[in-house]
Amino acid sequence: MPGIDFTTVRQRITMAEVLGRLGFQPTSVRGEALRGPCPVHRSASPGSRSFSVHLGLGRYRCFRCGSRGNALELWAAAHRLSLYEAAVTLCQVVGVEVPWITRW
């Protein structure tokens with residue numbers, strides 16, 4: 001099975017793209033910092049602010065479920081996929097070619 005260059009995936013796909021695909025609706029915005037309901041544990045309250053994301057840094061954290069990471073890790077956590085599966089599906093959804101690594 002070929003490998004995936006995860007660094008390239010993280011460089012090509014932004015946090016804003018992932019949030020848009022997840023249907024994230026922020027409840028507060030301060031510059032590049034957004035707060036709102038968590039797409040990982042699916043907050044029941046639309047006014048929730050437990051999920052924090054910084055678009056410039058490309059990092060997120062939920063103060064309720066403890067999930068944190070980058071855009072690829074957010075996609076994996078929200079869809080309950082392995083990092084490998086998440087990279088393949090996210091590239092397909094966004095329309096980016098999967099950066100395969102082949103070894104000899």
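The table for this structure:
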| quantity | calculated |
| --- | --- |
| Restricting the chain to GluC sites (Glu not before Pro) in coil, as DSSP defines it, with at most 15 other Cβ within 10 Å | Glu32, Glu97 |
| Long-range amide H partners of Ser50 with built H, under 5 Å | Gly36, Cys38 |
| Distant-in-sequence amide H partners of Ile4 (H built 1.01 Å from N, under 5 Å) | Ile101 |
| Top positive-direction residue, dipole computed over the range 3-101 with Cβ charges, set Gly20, Ala33, Ala87 | Ala33 |
| Cα-based Rg and Dmax for the chain, where Dmax is the largest Cα-Cα distance (Å) | 14.1, 52 |
| Assigned charges on the beta-carbon of Lys, Arg, Asp, Glu; the chain dipole about Cα centre (debye) | 440 debye |
| Farthest positive-ward along the chain dipole, Cα basis, beta-carbon charges - from Val98, Phe51, Leu72 | Phe51 |
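Read-outs: derived from the displayed coordinates by stated rules, not from any lab. Here the structure is a predicted model, which means the values were calculated and not measured. Cβ atoms come from the backbone with ideal geometry, glycine included; neighbour counts cover every protein chain shown.
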